[in-house]
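Undergrad: Let me begin by handing over the structure; questions about it come next.
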Amino acid sequence: MRELDAAAIGRWASACVHSLDALRPEINGINVYPVADSDTGSNMHHTVSGAWHALNDAPPPGSAGEALAVLAKGAVAAAKGNSGVILSQVLRGLAEALADRTVDGPALAAALGHADEVATGAVARPVAGTMLSVLHAVNAAVSCASGDLDEVARTAAEAAAEALEHTPQQLPVLARAGVVDAGGRGVVAVLDALLEVVTGTEHAHDHPLTAHGHGHGEPALYAWEVMFLLEDADEAALPVLRKALSGLGDSVTVAADGAGSHAVHVHCADIGAAIEAALDAGRPRRIRVEPLLTPAPLQPGGGLDRTVVVVVRGEGLAEVIRAENVAVLSVPAGSVPSVEEMLGLITETTGNHVTVLAGGPDLTTVADNAAGHAMAGDRDVVVIPCASPVQVLAALAVHDPARRTNDDVVAMAEAAAATRRGEVLFASGEALSVVGRAQAGDVLGLVDGEVVRIEPAAEANLLEAAITVLARLLGPGGELVTVVTGVDAPPDVEEVLTGWLRGEHPEVELVCYSGRQTDAVLLIGVE
């Protein structure tokens with residue numbers, strides 16, 4: 001087949017319905033994220049069935065783009081669950097990109113890229129290891145494709161299947177359950193069905209991974225899945241609605257159908273507050289509310305029902321911590337995470353006890369708010385305050401999963417509190433300190449939050465400031481110095497500090513990490 005026409009789109013929709021119906025038990029069985037309620041397969045099947053019925057009930061479309069537009073509108077109206085809403089946005093993205101185009105290979109490649117963007121844009125907090133990651137991989141694989149239709153369809157299906165296999169490495173809750181992402185499995189089925197229509201031959205990927213430890217124990221009600229269609233929406237009010245819903249819970253999506261309506265989805269504990277937020281943005285109708293159940297926890301490796309998670313700034317530092325198999329939320333400089341982002345970090349774990357290491361006072365405040373949120377369910381969440389990321393590293397260094405939970409928390413808290421901290425950074429504006437007045441652009445050296453050195457911008461010496469800070473930190477003694485370098489750090493900082501320590505404190509060990517943070521040139525910790 002060289003081009004997709006309206007009839008082929010109809011056959012694809014029908015194939016999706018049959019494939020997702022057949023796979024429904026398998027997809028439901030591996031559904032552990034965002035809530036292990038075993039309904040992702042059913043939700044995706046319900047959504048695509050609604051799209052197919054809308055196409056069958058409509059006047060015959062004249063083009064593939066018109067057929068996709070009908071499918072998209074029907075999918076948004078019928079969408080159930082987070083996965084159903086995202087699938088409806090995939091169809092909407094395809095319809096928008098192919099509205100006035102002949103659907104050949106390059107056009108399909110471009111449309112799959114747009115579908116990825118539209119689906120991701122509908123989700124308030126995209127998470128790696130979900131169906132969005134599968135869509136990203138498809139987009140990347142076909143972005144440079146210039147072949148014919150069957151080549152692009154095959155590339156998309158194979159990229160989706162490969163990306164699906166990687167989802168357990170991206171999302172810890174999947175790895176601990178021994179499953180791939182359920183929504184991602186549905187995306188593979190949809191693209192397999194497209195390839196079958198294009199080539200006329202059967203094409204399917206098998207994924208034998210099944211959940212273990214899932215479904216045992218007595219689940220308890222802890223929140224609600226709230227969905228509705230929003231009509232007559234004020235476009236300017238939609239970002240406000242998204243923010244309000246994100247403060248109430250998680251799995252927030254606000255998805256347009258391309259014709260003026262929006263499908264809204266949220267997991268939250270306060271149904272009334274979600275509806276009230278919607279009333280400020282438009283007219284909610286077809287409101288559906290279903291209970292969410294807390295599943296019996298999936299046991300992490302070693303059978304210990306607890307997890308440590310971290311929130312810090314600096315993607316380099318986040319990568320270092322992730323390498324230790326610790327879940328991390330990396331926050332851009334100058335911003336704080338939303339309640340939904342913090343809830344996601346907490347609820348994506350499998351333990352009943354979650355210890356949060358927050359690398360800054362403002363991050364600690366947000367973590368404390370999320371710890372007491374209803375959407376945290378029955379988890380026992382403890383936040384260990386850290387004034388600097390170097391204190392987070394100190395706490396992680398003493399973390400011992402073999403210890404009793406309370407003893408481990410105390411050990412991490414003591415290690416964080418005992419770590420003296422220093423910083424070297426650029427002054428953002430004029431400020432008065434105990435060592436003088438600083439102007440914007442000056443280099444500041446701080447010890448435990450107090451300025452101890454100012455280097456004027458015109459003659460700033462970052463390394464001299466760093467040595468001053470380090471000397472003050474080592475005054476009371478110390479055995480280990482940890483340095484986290486920012487994007488503006490001198491390339492020879494580790495060499496210079498090592499040389500200084502060798503001459504002044506040969507008994508002290510230095511460890512240096514590339515944090516790539518932008519809010520500080522150097523972060524220094526002494527234990």
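The values are calculated or read from the model by the stated rules, or taken from the named source; none is laboratory data. For clarity, every value in this text was computed on a predicted model and none was experimentally measured. Cβ: placed from backbone, ideal geometry, glycine included. Neighbour counts: every protein chain shown. Just the protein is used for accessible areas: all its heavy atoms, side chains included, with ligands, DNA and RNA removed. Shrake-Rupley method; radii C 1.70, N 1.55, O 1.52, S 1.80 Å.
Undergrad: Sort all Cα-Cα distances of the stretch 430-486 into consecutive 5 angstrom bins from zero, then give the percent of pairs in each bin up to the one containing the longest distance.
TA: 4, 18, 27, 26, 14, 7, 3, 0
Undergrad: In nm, to one decimal, how far is the Glu235 label point from the Asp380 one, both placed 7 Å along Cα→Cβ?
TA: 5.1 nm
Undergrad: Just to check I understand the Karplus step: with θ = phi - 60° and J = 6.51 cos²θ - 1.76 cosθ + 1.60, what whole-Hz values come out for the stretch 22-36, glycine and proline as x?
TA: Once θ is set to phi - 60°, the couplings for the stretch 22-36 become 5, 8, 3, x, 5, 5, 4, x, 9, 7, 10, 9, x, 9, 7 Hz.
Undergrad: For a quick check: with amide H placed at 1.01 Å from N, whose amide H comes under 5 Å from Tyr33's, ignoring anything fewer than 5 positions away on the same chain?
TA: Ala182
Undergrad: What is the stretch 337-459's relative contact order, in percent, from Cα pairs under 8 angstrom and six or more apart in sequence?
TA: Relative contact order here is 16 percent.
Undergrad: Go through the stretch 327-335 residue by residue and turn each phi into a ³J(HN,Hα) via Karplus (6.51, -1.76, 1.60, θ = phi - 60°); whole Hz please, and just put x for glycine and proline.
TA: So the J values, rounded to whole Hz, are 5, 10, 10, 9, 10, x, 4, x, 10.
Undergrad: Residue by residue through the stretch 45-50, what is 3J(HN,Hα) from phi via Karplus (6.51 cos²θ - 1.76 cosθ + 1.60, θ = phi - 60°)? Round to whole Hz and write x for glycine and proline.
TA: My calculation for the stretch 45-50 gives 5, 4, 5, 6, 5, x Hz in order.
Undergrad: Given N residues in the stretch 221-282, what is its alpha carbon radius of gyration divided by 2.2 N^0.38 Å?
TA: Output field value: 1.02.
Undergrad: Still on this structure: Given H placed 1.01 Å from N in the peptide plane, which residues other than close sequence neighbours of Ser433 have an amide H under 5 Å from its amide H?
TA: Here Ala438 satisfy the definition.
Undergrad: Now, a different point. With viscosity set to 0.890 mPa s and temperature to 25 °C, compute the Stokes-Einstein D of the stretch 464-527, Rh being the Kirkwood radius across alpha carbon pairs; µm²/s, no decimals.
TA: 209 µm²/s
Undergrad: Run the quick spin-label model on Arg404 and Gln439: label points 7 Å from Cα toward the beta carbon, then report their separation in nm to one decimal.
TA: The modelled label-to-label distance comes out at 5.9 nm.
Undergrad: Among bridges DSSP assigns within the chain, what percent are antiparallel (round to 5)?
TA: Expressed as a percentage, antiparallel bridges in the chain total about 65.
Undergrad: Okay, next question. Not counting ligands, DNA or RNA, and with a 1.4 Å probe, what is Trp52's accessible surface area in Å² rounded to the nearest 10?
TA: The accessible area comes out at roughly 70 Å².
Undergrad: In µm²/s, what is D for the stretch 395-457 at 25 °C and 0.890 mPa s, where D = kT/(6 pi eta Rh) by Stokes-Einstein and Rh is the Kirkwood radius from Cα pairs?
TA: Using the Kirkwood radius from Cα pairs, D works out to 178 µm²/s.
Undergrad: Determine one quarter of the surface area of the Cα convex hull of the stretch 404-527, which equals its mean projected area, and express it in nm² to one decimal.
TA: With the hull built on Cα positions only, its mean projection is 8.6 nm².
Undergrad: Using only the Cα atoms of the stretch 132-180, what do you get for the radius of gyration and for Dmax, in Å?
TA: According to the Cα coordinates of the stretch 132-180, Rg and Dmax are 12.6, 40 Å.
Undergrad: Something else: Measuring from a point 7 Å past the Cα of Asp448 along Cα-to-C-beta, which residues in the stretch 377-420 have an amide N at less than 16 Å?
TA: Hits in the stretch 377-420 for Asp448 at 16 Å: 386-388, 391, 414-420.
Undergrad: Right, next: Based only on Cα atoms, what mean projected area does the convex hull of the stretch 1-72 have, in nm²?
TA: 5.5 nm²
Undergrad: While we're on this one: Over the chain, what relative contact order in percent results from Cα pairs under 8 Å that are six or more residues apart?
TA: Averaging sequence separation for qualifying contacts and normalising by length gives 10 percent for the chain.
Undergrad: Taking Rh as the Kirkwood radius computed over C-alpha pairs, what is the Stokes-Einstein D of the stretch 1-146 at 4 °C in a medium of viscosity 1.567 mPa s, expressed in µm² per second?
TA: 84 µm²/s
Undergrad: Now for a separate question. Using heavy-atom solvent-accessible surface (probe 1.4 Å) with all chains present, what is the largest-first order of Glu231, Glu527, Glu117?
TA: Ranked list, largest accessible area first: Glu117, Glu527, Glu231.
Undergrad: Can I ask one more? If each DSSP helix of 4+ residues adds -39,500 (n - 2.57) and the sum is divided by the residues in the chain, what number results at 222 nm, nearest 500 deg cm²/dmol?
TA: -15000 deg cm²/dmol
Undergrad: Further question on the same structure: Averaging over every viewing direction, what projected area does the convex hull of the Cα atoms of the stretch 41-105 cover, in nm²?
TA: Projected area, direction-averaged: 4.3 nm².
Undergrad: Taking the Cα atoms of the stretch 72-206 alone, what are Rg (to one decimal) and Dmax (as a whole number) in Å?
TA: Using the Cα atoms of the stretch 72-206, the pair Rg, Dmax is 14.2, 46 Å.
Undergrad: Thinking of the chain as a set of Cα atoms, what percent of all their pairs are more than 35 Å apart?
TA: Across the chain, Cα pairs with separations above 35 Å total 44 percent.
Undergrad: To continue, here is another question. Could you give the distance between the Cα centres of the stretch 452-497 and the stretch 115-165, to the whole Å?
TA: 45 Å
Undergrad: Put Ile27, Ile467 in order of accessible area, largest first, 1.4 Å probe: what do you get?
TA: The ordering from most to least exposed comes out as Ile467, Ile27.
Undergrad: Right, next: Taking Rh as the Kirkwood radius, which is the inverse of the mean 1/r over Cα pairs, what is the Rg/Rh value for the stretch 349-447?
TA: Using Cα coordinates only, the ratio equals 1.11.
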